Structures are given as structure tokens and as C-alpha cells.
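Contents: one structure, followed by commentary.
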Amino acid sequence: PIYGATGLWLARVAQGQDSRAVDPGGEMKTISSETTFDKDLARLEDLEKILWLQAERVSARAKSYQLSGHTIVLKLKTANFRLRTRSASLDAPTQLADRIFRVARAALKREADGTRFRLLGVGLSNLAPAAQADPGSLVDPQSDKRAAAERAMDKIRGKFGGEAVKKGRGLRR
């Protein structure tokens, strides 16, 4: 064989032949959601709408796994396939869509300079238990009100289904 043992191994793996055990029960390291667009987007307003939907998905997953994250990661892929990732570390972990969105939007605003993007994603990393998430804020008193509103919406969704209540920014035109 031209490529030796490595070539044979790659050929087997490419055909789905691998005897190594798979451990699906490994520790979760990130929670994320991303979307590849049908057509490239450059307008901040368009990107923000998608970012909100992604933040809601990540938040719902974090809540369902009883996890939160200290780090919020924004992922963008440009029209020419260059990957940009930006992250921000928080003082306390979060699982709230509003906080995920606000932090990721700040990074998105810096990146949305007319560049056309084909993919947008957001995620949480540096995970922690949900019990540590979203303590009250002395710096931003409105964040407590936003958190209470989101938790109330979560209770309504839990009782009546995921589509029972939405924020206006989540509605599609």
C-alpha cells in the first residue's frame, strides 16, 4: 500500500469500520446552536434576529440540562469561509436567553462591519450547575426584572408548550 498503515486505517474509518468504543456519556463541555443561512447576510438587524433565536435555543438547552455557562461564545463564518469566534467571560454563569443575547450582540456589533456572513452561532462554555446561575445584579437593576420575566415565560411554556409565549424580537415577519 502506498500510504502504509495510516492509509489503511483512514480507509477503514471512512467506511465506518472502527472497533473503538464510543462513550456517549462523557461530560458535556459546551451548549450551542448555529445556523447556516440560505443566502449570506451582512445587515446587523438581520443577524440580530437570528442571534436571538439561537440564544433562546441555547438557553432552553441549558435549562433542560440544569446547566449554565461562565463564557458566551459567538461564532461567525464569512462568505469566503473564514471562521471568527469571539468570547466573553462572565462574573457569574448564566442560562438566561436575554443575557446570552446581550453579551453575544455586543460582540456581533463589533463584527458586523459590512462583512457578509453565511453562518451564525452562539454557545455557552465553562459550564456550571444551574444553581449557580444568574445571581441578582447591583450594576444593572433592570437585569433582575428581565430575568424574572424570562422565568415567568419559562413557567408558561412549561405548562402550555414552547410556543405559548414569545418575546417580540422572536417573532418572524
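The numbers here are math on the coordinates, done by the rules we state, and not lab data. Nothing here was measured: the structure is a model prediction, and the numbers come from that model.
Values as computed for the structure displayed
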read-out: Projected area, mean over directions - the chain, Cα convex hull, nm²; value: 14.2
read-out: Cα gyration tensor category, rounded, prolate or oblate, for segment 88-128 with a/c compared to 1.5; value: prolate
read-out: Cross-link pairs Lys29/Lys109; Lys39/Lys145; Lys39/Lys109; Lys39/Lys63; Lys109/Lys155; Lys39/Lys159 - those with Cα-Cα distance over 29 Å; value: Lys39/Lys145; Lys39/Lys63; Lys109/Lys155; Lys39/Lys159
read-out: Anisotropy class of segment 36-133 from Cα gyration tensor, a/c 1.5 cut; value: prolate
read-out: Straight-distance crosslink candidates among aspartates and glutamates, where the alpha carbon sits under 18 Å from Lys75 and sequence neighbours closer than 8 are dropped; value: Glu34, Asp38, Asp40, Glu45, Asp46, Glu48, Glu56, Asp98, Glu111, Asp113
